[in-house]
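The values are calculated or read from the model by the stated rules, or taken from the named source; none is laboratory data. Just so we're clear, the structure is a prediction, and the values are computed from it rather than from any experiment. Using ideal geometry, Cβ is built from the backbone for each residue, glycine included, and neighbour counts are taken over all protein chains shown.
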C-alpha cells in the first residue's frame, strides 16, 4: 500500500474539510465567532499538511472574508481577499477562485461606496469569466 493512501494519512489530508464545512454552516447560521474558530482550525491543519499560502490555505482566507462581509467589516474582508488573490492568481488567472475573489473585492468596493471601482472590478471579473469559458469550451 502506498504510504499516502494509508487510512491514517488520508484522514490527515482530508480532516480540514470537515472544519471548513462547519465554518460554512456557522456562517450561514450567523454564528460568526464559531465560524471563524472552525475556519482558523482548518487553516492550521492545512498548513501542517500542505504548507502555507497553498490553495487550501487561502481558501480559508476566502471563507473568513465571507464572515467579515456578513459582519460589515469591510477592512478585514478586503485584507482577507487581498491575501488570497496572489495565491489564486498563481494557480491561474481564469481559475474560479481567482474570479470569485475579484468579485468579492468588487462587492467590498460597492459596500464602501466606491462605485466606480466596483464597476471596474465587476467588468474585470466578467471579462475573465468570458475568457475562461472561451478557452475551456470543448
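Scanning the range 121-135 for residues that are out of contact with any helix residue (DSSP H, G or I) (no Cβ under 6 Å at 6 or more places or on another chain) and either farther than 14 Å from residue 109 by Cα or not in a helix (DSSP H, G or I) (or both) gives 126, 127, 130, 131, 132, 133, 134, 135.
One line per residue, one yes/no per condition, for (1) under 16 Å from residue 64 (Cβ atoms); (2) surrounded by 19 or more Cβ atoms within 10 Å (Cβ to Cβ):
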| residue | (1), (2) |
| --- | --- |
| 82 | yes, no |
| 88 | yes, yes |
| 91 | no, no |
| 98 | no, yes |
| 101 | yes, yes |
| 110 | no, no |
| 118 | no, no |
| 129 | no, no |
| 134 | no, no |
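Checked against the criterion of being under 12 Å from the mean Cα position of the chain (by Cα) and farther than 22 Å from residue 72 by Cβ, the range 98-120 has at least one qualifying residue. Being buried (at least 20 other Cβ atoms within 10 Å of the Cβ) and either closer than 24 Å to residue 17 by Cα or at pLDDT below 95 (or both) is the requirement here; does residue 77 meet it? Here the answer is yes, as residue 77 does meet what is asked. Of all the residues in the range 10-48, those that are in a loop (DSSP other than H, G, I, E, B) and either touching a strand residue (DSSP E or B) at 6+ places or on another chain (Cβ under 7 Å) or within 13 Å of residue 64 (Cβ to Cβ) (or both) number 0.
The residue list 31, 43 contains one member that is at pLDDT 95 or above and out of contact with any helix residue (DSSP H, G or I) (no Cβ under 8 Å at 6 or more places or on another chain), which is 31.
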